[in-house]
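These notes are about the structure you will find just below.
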Amino acid sequence: MSRIALARYLTEALQQGRLADAELARLIETVADICVSISHDVAQGALSGVLGEAGTGNVQGEQQKKLDVIANDRLLEGCEWTGLLAGMGSEEMDEPYPIKAEYPQGKYLLMFDPLDGSSNIDVNISVGTIFSILKKQGDAPLREADFLQPGTSQVAAGYVLYGPQTMLVLSFGHGVVGFTLDAGSGRFVLTHPEIKVPTATKEFAINMSNQRHWETPVQRWVSEMLAGSTGPRGKDFNMRWVASMVGEVHRILMRGGVFSYPRDAREPGKAGKLRLMYEANPMSFLIEQAGGAATNGRQRILDIQPEQLHQRVAVFLGSKDEVETVTGYHG
Ligand code: P6P
């Protein structure tokens, strides 16, 4: 049986009433097509001079890689003319990006981390593009406040993982599906029609080098997993840390696990390292749609009312049993 491509999958979802409207289908396809072009640049690496630093910094205070800027610009230029968007927001841009007056205005807001994990680019470890789609409320000119909607308001979210395979993983509120890029046709082909996160796991992902900076509940949770079968959990655990959220979340969607980036005593004013609007919210949406859970240790991430576009948040997400355990330790 021939596999179906993204365009047919979205058309059938529209016909079956699972997808809001044709504009959303076109927006998802547009983002996916742009990510195919980004995957070509990522794959070329040193052959096309796109590795290394861009010589600029972003609002996060991070040094930008050349590919961060390339991916960001590709998404802006590839989406702004479509008539589908009211604006865009990106990890790489301080301010929201309004649609130029020369282009028709649309009703959707697109936020993205254009190249998550880009510190891995120069050492050839998987990276990805994360995107989140909201609907703009009202007809007033675009403001930052338009983006500040809780994660439950997302109409779609997904990522493209540039790994051994390039994969698009997507949800628009009816479960999670995965598509693999067919290099021959240049199309995303449905390969994972119903992704589910196992409820229990023996695998956790955390950057252990930050251990001395964690809050007590996290210290307890991790020490119990490290104690394995000799400790209160009564089973041995395995650990992974790819330093690329897209890679970690994909592994969890494929085989279960729990990913955590806790808040850190080094930066008491910050709630954590990861960004709510274009990392935690889209990934939490996917994880919940696949049957997992996602909290900041104290509340469901998707319920958090954002106050700033680049707001940070602590993240515990993945197999429901483990997320509930660490959340329970926070009291
Ligand atoms: P650390 C990448 O920079 C990122 O935002 C996530 O993709 C990843 O999970 C995390 O930061 C890695 O952080 O402190 O281990 O480099």
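Taking the criterion of being closer than 11 Å to ARG298 by Cα and out of contact with any Phe, Trp or Tyr (no Cβ under 9 Å at 6 or more places or on another chain), the only residue of the range 314-327 that qualifies is GLU324.
Of everything in the range 246-261 that is surrounded by 13 or more Cβ atoms within 10 Å (Cβ to Cβ) and more than 16 Å from the ligand (Cβ to nearest atom), the residue that is nearest to SER126 (Cα to Cα) is MET254.
All but one of (1) assigned to a loop (DSSP other than H, G, I, E, B); (2) without any contact (Cβ under 8 Å) to a residue 12 or more places away in the chain hold for ARG8; state the number of the condition that does not hold. Exception for ARG8: condition (1). Summed over the range 18-31, residues that are open to solvent by less than 50 Å² (accessible area, probe 1.4 Å) and over 19 Å from GLY117 (Cβ atoms) total 7. Pairs meeting the criteria (first residue in the range 210-234 and free of Cβ contacts under 8 Å to residues at least 40 places away in the same chain, second residue open to solvent by 70 Å² or more (accessible area, probe 1.4 Å), beta carbons under 6 Å, at least 6 apart or on different chains) are GLU224/PRO232; GLY228/ASP236; SER229/ASP236. Of everything in the range 262-273 that's within 12 Å of the ligand (Cβ to nearest atom) and surrounded by fewer than 23 Cβ atoms within 10 Å (Cβ to Cβ), which residue is nearest to LEU75 (Cα to Cα)? In this case the residue turns out to be LYS273. If the condition is being touching a strand residue (DSSP E or B) at 6+ places or on another chain (Cβ under 9 Å), under 18 Å from GLU92 (Cα atoms) and assigned to a loop (DSSP other than H, G, I, E, B), then the range 307-316 contributes LEU309, HIS310, GLN311. Residues being open to solvent by less than 40 Å² (accessible area, probe 1.4 Å), at pLDDT 95 or above, away from the ligand (no atom under 16 Å from the Cβ) and assigned to a loop (DSSP other than H, G, I, E, B) are represented in the range 132-139 by at least one member.
Does GLN149 count as under 28 Å from ARG300 (Cα atoms) and out of contact with any Phe, Trp or Tyr (no Cβ under 8 Å at 6 or more places or on another chain)? Yes; evaluated as a whole, the condition is true for this residue. Look at (1) out of contact with any Leu (no Cβ under 9 Å at 6 or more places or on another chain); (2) under 25 Å from PHE112 (Cβ atoms); (3) of a type outside the set (Lys, Arg); (4) outside any helix (DSSP H, G or I) and you find that LEU302 fails only one, number (4). On the stretch given as the range 189-245, residues that are crowded, with 19+ Cβ neighbours inside 10 Å, polar (S, T, N, Q) and either part of a helix (DSSP H, G or I) or within 16 Å of the ligand (Cβ to nearest atom) (or both) total 1. Among the residues of the range 285-299, at least one is part of a helix (DSSP H, G or I), within 16 Å of the ligand (Cβ to nearest atom) and not polar (S, T, N, Q).
Take PRO150 and decide whether it is more than 16 Å from the ligand (Cβ to nearest atom) and in contact with a Leu (Cβ under 8 Å, 6 or more places away or on another chain).
Details: more than 16 Å from the ligand (Cβ to nearest atom): yes; in contact with a Leu (Cβ under 8 Å, 6 or more places away or on another chain): yes.
Yes; evaluated as a whole, the condition is true for this residue.
Taking the criterion of being in contact with a Leu (Cβ under 7 Å, 6 or more places away or on another chain), open to solvent by 10 Å² or more (accessible area, probe 1.4 Å) and either in contact (Cβ under 8 Å) with a residue 24 or more places away in the chain or not assigned by TED's automatic domain parsing to the domain that holds PRO217 (or both), the only residue of the range 278-291 that qualifies is PHE285. Of the residues making up the range 168-188, those that are in a strand (DSSP E or B), β-branched (Val, Ile, Thr) and under 21 Å from LEU24 (Cβ atoms) are VAL169, VAL177. For the residues ARG18, ARG26, the requirement of being in the same structural domain as SER132 (by TED's automatic domain parsing) and in contact with a His (Cβ under 7 Å, 6 or more places away or on another chain) singles out ARG18.
The values are calculated or read from the model by the stated rules, or taken from the named source; none is laboratory data. Because the structure is predicted, anything quoted here is derived from the model rather than measured. Don't worry about glycine lacking a Cβ; one is built from the backbone with ideal geometry, like all the others, and counts go over all protein chains shown. Accessible surface areas use protein heavy atoms only, side chains included; no ligands, DNA or RNA. Shrake-Rupley method; radii C 1.70, N 1.55, O 1.52, S 1.80 Å.
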